[in-house]
Amino acid sequence: MEIKREVMAKNLLPQAERLYIREGKSIENIATALGVSRTTLYRWKKERNWDERKYEMETSAQFVSEKLMKLLADDVRNLQKLDAKSVDRIVKAIKSIKSLDNEVDILGSTLLVMEQLAYYLQQKNAQLYEKLQELLPDFLVYMRERYKTG
């Protein structure tokens, strides 16, 4: 009986993880919603580094962008109630979010190109590939600073 309950609980792991990391629900709320013991949830939280992953997600440019767009969507729904100054603030915020999204796209594209370049050099020029591997960590730090990502 205990094994069956553990297997059933493990099937809920992805859902529990999403509720904690993406939706910010507490362990107590998740336990109630899913019918999983708090002890099991705390164990999963520790084993799978939920706090660290939640922090990384919450500080990522993409998450911040999504969150801001949701908040702005709420304001836009009430557009008739807003004055001109508030509407102007919303328009400026949307432009800032689009700029943030572009920076995330640039960083992602750069990393994809670097990955492909590394693969190509590994096949064609081992010496140059080794040099790239040596420089890559510094380049990634540079890109994170430039685009202010986690």
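Some observations on this one:
- Residue within segment 115-130 that is farther than 24 Å from Glu145 by Cβ, surrounded by 11 or more Cβ atoms within 10 Å (Cβ to Cβ), among the aliphatic types (A, V, I, L, M) and modelled with pLDDT of 85 or more present: yes
For (1) of a type in the set (Val, Ile, Thr); (2) part of a loop (DSSP other than H, G, I, E, B); (3) modelled with pLDDT of 90 or more, each residue gets a yes or a no:
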{"position": "Gln15", "(1), (2), (3)": "no, no, yes"}
{"position": "Tyr20", "(1), (2), (3)": "no, no, yes"}
{"position": "Ala31", "(1), (2), (3)": "no, no, yes"}
{"position": "Val36", "(1), (2), (3)": "yes, yes, yes"}
{"position": "Met69", "(1), (2), (3)": "no, no, no"}
{"position": "Asp101", "(1), (2), (3)": "no, no, no"}
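- A count restricted to segment 45-67 and to residues that are modelled with pLDDT under 85 and outside any helix (DSSP H, G or I) stands at 2.
- Yes/no for Lys25 being surrounded by 14 or more Cβ atoms within 10 Å (Cβ to Cβ) and modelled with pLDDT of 75 or more: yes
The values are calculated or read from the model by the stated rules, or taken from the named source; none is laboratory data. Keep in mind it's a predicted model, so treat the numbers as computed, not measured. Positions of Cβ are backbone-derived with ideal geometry, glycine not excepted, and every protein chain shown enters the neighbour counts.
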